[in-house]
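The values are calculated or read from the model by the stated rules, or taken from the named source; none is laboratory data. Bear in mind the structure is a predicted one, so any value in this text is a computation, not a measurement. Ideal geometry is used to build each Cβ from the backbone, glycine not excepted, and the neighbour counts take in all protein chains shown. Surface areas here come from the heavy atoms of the whole protein model, side chains and all, with no ligands, DNA or RNA. Shrake-Rupley method; radii C 1.70, N 1.55, O 1.52, S 1.80 Å.
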Amino acid sequence: MSIINRYWMGQFLRFFCIVQFIVLAIFVAVDYLTNLSKFFKAGISLVDALGYVLLKTPFMFVQFTPAGVVLAVIVVFGLMNRSNELLALRAGGVSAYYLVRPAVVAGILLSFSMFFLGETLVPVTMAKANYIKYSVIKKKHQIHASRENIWIKSDDTIAHFKFFNPVDRTLSGITLTRMDDNFKVIQRMDARSGVFQKGQWHFFNILVQNFTPGDDTGEVILDDEKIVDMGILPEDLGQMVKKTDEMRFAELAVHIKKVEQEGYDATTYRVDLLGKTAFPFICLIMAIMGAAVGMRPAVKENLPLGIVMGLGMAFMYWILYSFTTSLGYGRMLPPFVSAWAANFLFLCAALFYLARTES
């Protein structure tokens, strides 16, 4: 590695660590202080509450990394620009493409680091954090779930849902079992499917069995459609069930295969699976974009302008990425296109901006 590259990499790591530390410290402080009342209400000690907040920091580190990359790259090149180091290097025949090489290397390394964290630490910590959030703090229904084979126990009812689709808020393979105070089954309801519409659950193709003491067969009632009050909202299911950020890549791929073999739509899972590979590589794109911004003449005299531009680009990426993935969830775009479209557009913009900087 040349002296220039070593110098640039050292400066980048310093500013990147500073940015990430400040952002994560703010996140921990805000999340901890704003939820103190909830912690007290749930009977959680201040130390355990801090542990709960810290469990979310690996996930937030991954989410903030692209913004940290673009800001650190802009600051390094902006300071080199302000001190005329870039001018001296380019006067000596060093091109912008050569100067951006360490930024590209840093972006690639951080992309793989994000993917590695997403496969190792993040699923474990987010699973524990979500369990504490919904089972200890919010004290929701006792639940064991992964969107498939969902079991929920309330006061007198055990509910089992074969599959839950959070996009269109539908259930498949529904079984509701009611019991009396002696834990004897008094009613079982089976439904092929259900959908949440206008604040109510509508079940379809229903079979209800009412049991009375001494009658093993029970009364059987068939119905095409019925409104059922379960006391469970789609938002509750969407929040409490196992999320894709709690699954590793291989685990999610196996889950998709199983869901499709059973005849259910796995589009949302496919979008999230491809997103696990697409999102980390925004670090590389942000590094190129940050280098192009930092080397602009306007940033030489106004470094804060470059920082604002970097934050704006990170924000615009989030908006576009969220928009395209939403289109993928709604089956308006193929999963691959919805997951990678934002990366492709921003890469084209970054390369175009860098080419203009060199010219």
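Yes or no: the range 304-318 includes at least one residue that is closer than 25 Å to residue 152 by Cβ, under 17 Å from the mean Cα position of the chain (by Cα) and free of Cβ contacts under 8 Å to residues at least 24 places away in the same chain. Before you say what the answer is, go through the steps one by one.
Our first condition is that a residue be closer than 25 Å to residue 152 by Cβ; within the range 304-318, this holds for none.
Taking every residue of the range 304-318 in turn, none turns out to be closer than 25 Å to residue 152 by Cβ, under 17 Å from the mean Cα position of the chain (by Cα) and free of Cβ contacts under 8 Å to residues at least 24 places away in the same chain.
Taking residue 345 as the residue in question, decide whether it is out of contact with any Ser or Thr (no Cβ under 7 Å at 6 or more places or on another chain), closer than 30 Å to residue 80 by Cα and either without any contact (Cβ under 8 Å) to a residue 60 or more places away in the chain or among the acidic types (Asp, Glu) (or both). Step through it out loud before you land on a result.
On the way: out of contact with any Ser or Thr (no Cβ under 7 Å at 6 or more places or on another chain): yes; closer than 30 Å to residue 80 by Cα: yes; either without any contact (Cβ under 8 Å) to a residue 60 or more places away in the chain or among the acidic types (Asp, Glu) (or both): yes.
The answer is yes for residue 345.
Can you give me the number of residues within the range 1-40 that are open to solvent by less than 30 Å² (accessible area, probe 1.4 Å), among the aromatic types (Phe, Trp, Tyr) and either in contact with a Gly (Cβ under 9 Å, 6 or more places away or on another chain) or under 24 Å from residue 95 (Cβ atoms) (or both)?
3
(1) closer than 28 Å to residue 297 by Cα; (2) of a type in the set (Val, Ile, Thr); (3) open to solvent by less than 20 Å² (accessible area, probe 1.4 Å): which one isn't true of residue 75, the others all being true?
If we test residue 75 against (1) closer than 28 Å to residue 297 by Cα; (2) of a type in the set (Val, Ile, Thr); (3) open to solvent by less than 20 Å² (accessible area, probe 1.4 Å), just (3) comes out false.
Scan the range 194-219 for residues that are at pLDDT below 85 and either of a type in the set (Ser, Thr, Tyr) or farther than 18 Å from residue 168 by Cβ (or both) and report the count.
Number of matching residues: 9.
From the list 346, 352, which one is in a helix (DSSP H, G or I), aromatic (Phe, Trp, Tyr) and open to solvent by less than 30 Å² (accessible area, probe 1.4 Å)? It would help to see each step written out before you state the result.
Values: 352 fails: open to solvent by less than 30 Å² (accessible area, probe 1.4 Å).
After applying the criteria, what remains is 346.
Check 312, 306 and return the single one that is exposed (fewer than 15 other Cβ atoms within 10 Å of the Cβ) and either part of a helix (DSSP H, G or I) or touching a helix residue (DSSP H, G or I) at 6+ places or on another chain (Cβ under 8 Å) (or both). Let's see the steps before the verdict.
Numbers: 306 fails: exposed (fewer than 15 other Cβ atoms within 10 Å of the Cβ).
Unique residue meeting the criteria: 312.
Could you grab me the full set of residues in the range 221-277 that are closer than 21 Å to residue 336 by Cα, in contact with a helix residue (DSSP H, G or I) (Cβ under 7 Å, 6 or more places away or on another chain), open to solvent by 60 Å² or more (accessible area, probe 1.4 Å) and assigned to a helix (DSSP H, G or I)?
The answer is 249, 270.
Quick grid of which residues meet (1) within 17 Å of the chain's Cα centre (by Cα); (2) open to solvent by less than 10 Å² (accessible area, probe 1.4 Å):
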residue: 81; (1), (2): no, no
residue: 85; (1), (2): no, no
residue: 96; (1), (2): no, yes
residue: 103; (1), (2): no, yes
residue: 106; (1), (2): no, yes
residue: 111; (1), (2): yes, yes
residue: 121; (1), (2): yes, no
residue: 125; (1), (2): yes, no
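Which of the residues that make up the range 278-303 are over 29 Å from the mean Cα position of the chain (by Cα) and open to solvent by less than 10 Å² (accessible area, probe 1.4 Å)?
Looking only at the range 278-303, we keep the residues that are over 29 Å from the mean Cα position of the chain (by Cα), and these are 294-303.
The answer is 294, 299.
Between a residue in the range 54-69 that is farther than 15 Å from residue 284 by Cβ and any residue that is of a type in the set (Ser, Thr, Tyr) and surrounded by fewer than 21 Cβ atoms within 10 Å (Cβ to Cβ), which pairs come within a Cβ distance under 6 Å, given they are 6 or more apart or on different chains?
Short answer, once both residue conditions are applied: 55/125; 58/125.
Taking the range 26-47, which residues are in a helix (DSSP H, G or I), farther than 27 Å from residue 114 by Cα and of a type outside the set (Ser, Thr, Tyr)? Please lay out each step first, then the result.
The initial filter retains those residues of the range 26-47 that are in a helix (DSSP H, G or I), namely 26-34, 36-42, 46-47.
Applying the additional criterion that residues be farther than 27 Å from residue 114 by Cα yields 33-34, 36-42, 46-47.
Selection gives 33, 36, 38, 39, 40, 41, 42, 46, 47.
Does the range 50-60 contain at least one residue that is aromatic (Phe, Trp, Tyr), part of a helix (DSSP H, G or I), touching a helix residue (DSSP H, G or I) at 6+ places or on another chain (Cβ under 9 Å) and open to solvent by 30 Å² or more (accessible area, probe 1.4 Å)? Full working, then the answer.
Step one: filter the range 50-60 for residues aromatic (Phe, Trp, Tyr), giving 52, 59.
Now drop any that are not part of a helix (DSSP H, G or I), which leaves 52, 59.
Now narrow it down to the ones that are touching a helix residue (DSSP H, G or I) at 6+ places or on another chain (Cβ under 9 Å): 52, 59.
Imposing the further condition that a residue be open to solvent by 30 Å² or more (accessible area, probe 1.4 Å) reduces the set to 59.
Yes, the range 50-60 has at least one match.
Right, residue 176: open to solvent by less than 40 Å² (accessible area, probe 1.4 Å) and under 31 Å from the mean Cα position of the chain (by Cα) or not?
On the way: open to solvent by less than 40 Å² (accessible area, probe 1.4 Å): yes; under 31 Å from the mean Cα position of the chain (by Cα): no.
No, not satisfied.
Could you run through the range 150-173 and say how many residues are open to solvent by 50 Å² or more (accessible area, probe 1.4 Å) and either free of Cβ contacts under 8 Å to residues at least 60 places away in the same chain or of a type in the set (Lys, Arg) (or both)?
Just the residues of the range 150-173 that are open to solvent by 50 Å² or more (accessible area, probe 1.4 Å), to begin with: 151, 153, 155-156, 158, 162, 167-169.
Imposing the further condition that a residue be either free of Cβ contacts under 8 Å to residues at least 60 places away in the same chain or of a type in the set (Lys, Arg) (or both) reduces the set to 151, 153, 155-156, 158, 162, 168-169.
Residues that pass the stated criteria total 8.
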